[in-house]
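Chemist: If you scroll down you'll find the structure; I have some questions about it.
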Amino acid sequence: MDVMTALSRAREGDNTAFAELVEPFRRELYVHCYRMLGSVQDAEDVLQETLTAAWRGLSGFGERASLRTWLYRIATNRCLNWLRDGERRPRTVTTFPPGVEPPEPTRRVDPIWLQPIPDTLLSGLPDDTPGPEARYERREAVSLAFVAAVQSLPPRQRAVLLLRDVLGYRAAEAASLLDMTEDAANALLRRARSADFPQPGSPPPSPRQRQAAAAFATAIEAGDVDAMVQLLTDDAWLTMPPAELEYQGHEAIATFMRNIGFRSGHRRYSLIPTSANYQPAYGCYVSDDGAPIAHAHGVLVLTVTDTKVSAFTRFIDNALLPYFGLPRRL
């Protein structure tokens with residue numbers, strides 16, 4: 001049925017018509033919530049809240065803006081409520097086993113909650129060119145580095161940045177969506193843009209980059225720290241959100257891997273290739289030598305620059321596995 005017919009029927013209480021009306025926007029709204037919250041789980045919850053609020057408030061949709069813009073208004077403000085009211089699931093910073101003392105990190109950062117998003121959840125996004133104010137292409141705006149940088153911003157700053165620089169809304173439109181003046185929105189955007197964001201222009205991984213990622217995974221499975229280091233850029237980072245410890249450079253990363261990653265000579269890793277945030281990723285499994293079963297140990301996401309790994313991020317969160325279609329055990 002056409003949009004106007006579906007809208008009319010939905011306003012009369014036709015649930016099927018409403019579902020047809022919002023379905024074209026469901027995936028992009030989900031990804032918007034993910035960028036706002038940094039969590040695939042929280043994004044699911046807030047998307048459901050958004051659609052419920054839209055269903056209940058459809059009579060108030062005055063058609064002054066497009067249905068898509070109206071849904072983005074609801075989704076953005078639901079995300080802000082979620083962040084303000086502390087509705088996120090309880091988070092715990094990654095800790096190390098008793099008696100295991102990690103080496104001194106390169107730096108300590110404020111803990112942020114961050115999860116990778118499987119590429120399967122990024123499929124089906126509209127191919128439309130972003131609006132005139134957009135600075136980031138669709139692929140760039142879901143890179144792990146970009147989403148992590150967004151999480152470092154106060155909630156209203158991240159909302160304005162995403163509406164303007166990712167979705168491409170004009171200043172007046174973004175201000176209207178957030179019920180603030182245009183001057184206030186512009187001030188928030190200036191502060192957001194002053195943060196340390198990755199430069200636009202990251203291409204999808206090339207075959208050579210994927211080959212480098214596979215070689216890095218092979219080195220981890222072999223427990224070969226020297227081979228791992230040879231595949232790193234000189235300024236590579238090892239991060240483990242939400243842990244505040246970060247390690248940069250060959251020496252720091254090698255020390256961490258020898259003392260923590262491979263602290264037991266009998267510990268073996270098995271890595272199952274997948275992809276997240278349009279980057280090479282692996283499901284991680286750990287077993288003792290000779291053990292018939294390997295147990296899940298989170299997800300690893302790689303950033304490959306040229307033909308070397310410039311960052312690898314460990315997510316020790318087995319709740320992610322179902323999103324990637326990965327088992328709990330091998």
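The values are calculated or read from the model by the stated rules, or taken from the named source; none is laboratory data. The structure presented is a predicted model; accordingly, all values stated were derived computationally and were not measured. Cβ atoms come from the backbone with ideal geometry, glycine included; neighbour counts cover every protein chain shown.
Per-residue answers, yes or no, for (1) hydrophobic (A, V, I, L, M, F, W, C); (2) over 30 Å from A175 (Cα atoms); (3) within 24 Å of the chain's Cα centre (by Cα):
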site	(1), (2), (3)
N186	no, no, no
A192	yes, no, yes
F197	yes, no, yes
L232	yes, yes, yes
P242	no, yes, yes
M257	yes, yes, no
D288	no, yes, no
V299	yes, yes, yes
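Chemist: I'm told A222 meets every condition in (1) free of Cβ contacts under 8 Å to residues at least 12 places away in the same chain; (2) under 29 Å from L121 (Cα atoms) except one. Can you identify the failing condition by its number?
Modeler: Condition not satisfied by A222: (2).
Chemist: Hey, any hits in the range 21-37 for a residue that's assigned to a helix (DSSP H, G or I), touching a Phe, Trp or Tyr at 6+ places or on another chain (Cβ under 6 Å) and not acidic (D, E)?
Modeler: There is no residue in the range 21-37 that is assigned to a helix (DSSP H, G or I), touching a Phe, Trp or Tyr at 6+ places or on another chain (Cβ under 6 Å) and not acidic (D, E).
Chemist: Could you grab the pairs with beta carbons closer than 9 Å, sequence gap of 6+ or different chains, first residue in the range 178-189 and in the same structural domain as R73 (by TED's automatic domain parsing), second one buried (at least 17 other Cβ atoms within 10 Å of the Cβ) and assigned to a helix (DSSP H, G or I)?
Modeler: Filtered contacts from the range 178-189: no entries.
Chemist: Now for a different question. Please verify whether A227 is farther than 30 Å from R164 by Cβ, among the small types (G, A, S) and in contact with a Cys (Cβ under 9 Å, 6 or more places away or on another chain), treating the condition exactly as stated.
Modeler: no
Chemist: Another question, then. List pairs: first in the range 165-177 and more than 14 Å from A187 (Cα to Cα), second in a helix (DSSP H, G or I) and of a type in the set (G, A, S), Cβ under 7 Å, 6+ apart or cross-chain?
Modeler: Listed by first residue and then by second, the contacts come to V166/A141.
Chemist: Sticking with this one: Can you tell which of G13, G86 is under 24 Å from the mean Cα position of the chain (by Cα), surrounded by fewer than 20 Cβ atoms within 10 Å (Cβ to Cβ) and not in a helix (DSSP H, G or I)?
Modeler: Among G13, G86, only G86 is under 24 Å from the mean Cα position of the chain (by Cα), surrounded by fewer than 20 Cβ atoms within 10 Å (Cβ to Cβ) and not in a helix (DSSP H, G or I).
Chemist: Kindly indicate whether F324 is aromatic (F, W, Y), farther than 21 Å from R263 by Cβ and buried (at least 20 other Cβ atoms within 10 Å of the Cβ).
Modeler: Yes.
Chemist: Something else now. May I ask you to say which residue of Q115, Q48, Q41 is in a helix (DSSP H, G or I), closer than 25 Å to F197 by Cβ, out of contact with any strand residue (DSSP E or B) (no Cβ under 6 Å at 6 or more places or on another chain) and modelled with pLDDT of 80 or more?
Modeler: Checking each option against the conditions leaves just Q41.
Chemist: Next question, about the same structure. Go over the candidates S310, S287, S275 one by one and state the one that is in a strand (DSSP E or B), touching a strand residue (DSSP E or B) at 6+ places or on another chain (Cβ under 9 Å) and surrounded by fewer than 18 Cβ atoms within 10 Å (Cβ to Cβ).
Modeler: Just a single option satisfies the conditions, and that option is S310.
Chemist: Residues of the range 16-46 being within 20 Å of G62 (Cα to Cα), surrounded by fewer than 19 Cβ atoms within 10 Å (Cβ to Cβ) and under 27 Å from the mean Cα position of the chain (by Cα), which ones?
Modeler: Within the range 16-46, A19, E23, P24 meet the criteria.
Chemist: For A236, all conditions in the list (1) part of a helix (DSSP H, G or I); (2) in contact with a His (Cβ under 9 Å, 6 or more places away or on another chain) hold save one; what is the number of the exception?
Modeler: Every condition holds for A236 apart from (1).
Chemist: Additional query: Given the criteria within 25 Å of V147 (Cα to Cα) and of a type in the set (A, V, I, L, M, F, W, C), does L302 qualify?
Modeler: For L302, the condition - within 25 Å of V147 (Cα to Cα) and of a type in the set (A, V, I, L, M, F, W, C) - is met.
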